[in-house]
Amino acid sequence: MALVVAAVAPFVATLFYGYVYDDSVIILQNPALAGWQSIVEVWKHPYWPANLTGSTGLYRPLLMECFAILLNGAHKYAIAFHAFAIALHVTATLLVAKLLRRAVGRWPATAAALWFALHPVHVEAVANISNTSEVLVCVWTILLALWLLPARDKVSAPSIAPGWGQAAVAALLYAAALFTKESGGIAPALALLVAVAWRAPPGPSPREAIAQARGWIRVIPLFVVVVIGVVIVRRLVLGGLTGTSSLAVPGLAELSAPQRVWAMLSTGGHVARLLLWPTMQTPDYGPTTLPTGIDRSLAASATVAVIVLGVAWAMRLALRPDRPDSRPLVGVLWCLIAYFPASNLIGATGPILAERTLYMTSAGVAMLVGWSLEHLFEQRAARSASLSRISLPTVAAAAVIVAACVRGYTQTKEYARVWRDHHALFTRIVAVDSLNYRGYQMLAIEAKDRRQYDESARLYARAYVLLPSEPTLLTNYGEYLLEMRRPRYALAIGERLMTHPDAWTDARAVTLLLNATARVWGVDSVLASAERLNARAPSARSALFIGMAYDLMGDSSAARTAYHDGLRIAPADSALLAHTSLRARPP
């Protein structure tokens, strides 16, 4: 009950929050979630609406299934989503406690799970609806680990082979993790790690560990079948395994692969601080998060050194001849494996750093916290004959845990308030990092929606000065300038935007450039610019503008050809279809 209360208490206020940040696009305005038929439709659509973001390669139908049921069942009231997020966090906390209890004592496991429940780094994953994917995939992963964890009376058996029934349920849990979020792909690695080595001393010898891994003779083939099935479904829905739009963010997009790896390793200290003792948190970690110059090299080298030393220390404990203890190794490897999908080391998979991606990683830290407390209690028990009943180290450990939990509750409750609305969220980004363009950009959009046009112009200008090369910012800023009847400035922004090859076929970017060209130079210039773009990278939007230009010039045959060329690229393009149908009508 204490764990349930601790998991709920800091987030009670979020029940009365609305749809914030990505929630509006992914949930509230998503046509795939409209009506109860969406329960089936969500399996046919990507995670992000394709008309807004292009092909990002994200496919999370099980998460969207939950959202569809909540949206239609609760008549769009956000309280249902927030209650669902809190319930998931409670479930994850209890599962962490159960997992810890399998290798450490009752009180160390409870204290570590309490620390997990109140951790401030979980706010982004719980307070923001669309980020509950992190909590749900953590639930599936721990359920998988517990399901395959040998019974207490069998942990010392040389080989434990799950039956076909147990293996089939494990495969279903793995499929649920993969259909919830792409990072669910690591679930079997974490489950195997726990099944083999998460136990009280003596830990398994290398021979025992290999024998137990071989015991998964039925589980591993079913996992492979699940992966193949997911790949087939993704190809059918997305048209490929990955998307065509780059997920690289400013700060990483301009780096080569080796430079990106070195840059991400330099954030190791920041990640460690967020996991152990977060201070000033922010919803968006921009390019300024990355150290530069010699600082980057020093930080990256320190990260590598800490990882190597940490793994070596844990392996030494696991392989020592006198009472080997494999629990620290499980905790360290859990942290590394859980964070790997969000690390941007293999490829640019998302933001430089996002607190939501640390949710499952923090479960590994909870393992280390539980082991540390257990180790302290074991030492105290070994010396109980010569020491007083309550020792100073025990009192100190209890005080640290209590202080950490009190601080965690206070900071979690306070930081959760940041997610109450857009203005609070974007103001926080600017307050924490005044050099992060993102906060100014989002505040500019919000000011424009409130018709505070002078304030919006000031904020857009500030964001543009900080990062004049970011495509999304350029698109938003150019559209704003065009709407404010400043076409020459919009044209300059559009031309800068076209220095990015991805913008050549982006509908919004092409529309911005050609609309601005039309207002400044006229139809002839629109036709010339559109034809140059179409020759460089054929797109439906360029073809549309070519056709409209020919229409205005009175060349109906050339216009018809242009529209049909565009439809060959995008047969379902509504604007091209509309113009084609208009031309088909009798005068």
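The values are calculated or read from the model by the stated rules, or taken from the named source; none is laboratory data. This structure is a prediction, so every number in the text was calculated from the model and none was measured. Every residue, glycine as well, gets a Cβ built from its backbone with ideal geometry; the counts of neighbours run over all protein chains shown. SASA here: full protein model, heavy atoms, side chains in, ligands and nucleic acids out. Shrake-Rupley method; radii C 1.70, N 1.55, O 1.52, S 1.80 Å.
At a glance:
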| quantity | calculated |
| --- | --- |
| Residue-wise HN-Hα coupling along the range 334-348, computed from phi with Karplus coefficients 6.51, -1.76, 1.60 (Hz; x: Gly, Pro) | 4, 4, 5, 5, 5, 7, 4, x, 9, 7, 6, 7, 6, x, 6 |
| Cα centre as origin, Lys/Arg/Asp/Glu Cβ charges: the range 199-279 dipole, Debye | 280 debye |
| Residue-wise HN-Hα coupling along the range 557-571, computed from phi with Karplus coefficients 6.51, -1.76, 1.60 (Hz; x: Gly, Pro) | 5, 5, 5, 4, 4, 5, 4, 5, 4, x, 5, 5, 7, 9, x |
| Surface share of carbon and sulfur [accessible, 1.4 angstrom probe, percent] for the chain | 64 percent |
| Relative contact order for the range 211-336, counting Cα pairs under 8 Å that sit 6 or more residues apart, in percent | 19 percent |
| Reference-scaled alpha-carbon Rg (2.2 N^0.38 Å with N residues) for the range 1-151 | 1.14 |
| Pairwise centroid distance, computed over Cα atoms, of the range 392-449 with the range 522-587, Å | 49 Å |
| Calculated SAXS-style log₁₀ I(q)/I(0) at q = 0.14, 0.20, 0.22, 0.31 Å⁻¹ - the range 284-341, Debye, Cα scatterers | -0.54, -0.83, -0.90, -1.13 |
| In Å, descending, principal axis extents of the Cα set of the range 1-79 | 43, 25, 20 |
| SER434 versus SER469: modelled label distance in nm, points set 7 Å from Cα along the beta carbon direction | 2.5 nm |
| Residue-level accessible surface for THR279, protein heavy atoms, 1.4 Å, Å² | 100 Å² |
| Rounded accessible area of MET315 (nearest 10 Å², 1.4 Å probe) | 90 Å² |
| Rough spin-label spacing in nm, given labels placed 7 Å along Cα→Cβ, for VAL233 and ARG316 | 4.6 nm |
| Three-way shape label, the range 75-114, alpha-carbon gyration tensor, a/c 1.5 | prolate |
| The range 494-571 shape via C-alpha gyration tensor axes, a/c threshold 1.5 | oblate |
| Most positive-pole-ward Cα, ALA257, PRO287, SER326, against dipole of the range 247-339 from beta carbon charges | SER326 |
| Per-pair calculated FRET efficiency, R0 = 25 Å: ALA34 and ILE569 via Cβ, rounded to 0.05 | 0.35 |
| For the range 284-338, size of Cβ-based charge dipole, Lys and Arg +1, Asp and Glu -1, in debye | 260 debye |
| Sparsely packed trypsin sites (Lys or Arg not before Pro) within the range 267-320, loop by DSSP, other Cβ within 10 Å at most 13 | none |
| Charged-residue dipole, Cβ positions (Lys, Arg, Asp, Glu), the chain about Cα centre, Debye nearest 20 | 1300 debye |
| By average C-beta atoms within 10 angstrom, highest first, the peptides 123-135, 13-25, 501-513 | 123-135, 501-513, 13-25 |
| The range 168-257 shape via C-alpha gyration tensor axes, a/c threshold 1.5 | oblate |
| Signed unit charges on C-beta, dipole axis of the chain, positive-most listed residue ALA312, TYR460, THR361 | ALA312 |
| Difference of contour (0.36 nm per residue) and Cα-Cα distance, ARG101 to VAL308 | 71.7 nm |
| Surface per residue (accessible, 1.4 Å probe) for the chain, Å² | 46 Å² |
| More than 21 angstrom apart: percent of Cα pairs within the range 69-180 | 49 percent |
| For Rg/Rh (Cα atoms, Kirkwood Rh), calculated from these coordinates, the label among (1) 0.99; (2) 1.09; (3) 1.03 | (3) |
| From phi via Karplus (6.51, -1.76, 1.60), per-residue ³J(HN,Hα) for the range 43-49 in Hz, x at Gly/Pro | 6, 9, 10, x, 5, 8, x |
| Mean Cα-pair separation over length for the chain, i.e. relative contact order, pairs under 8 Å, 6 or more apart, % | 14 percent |
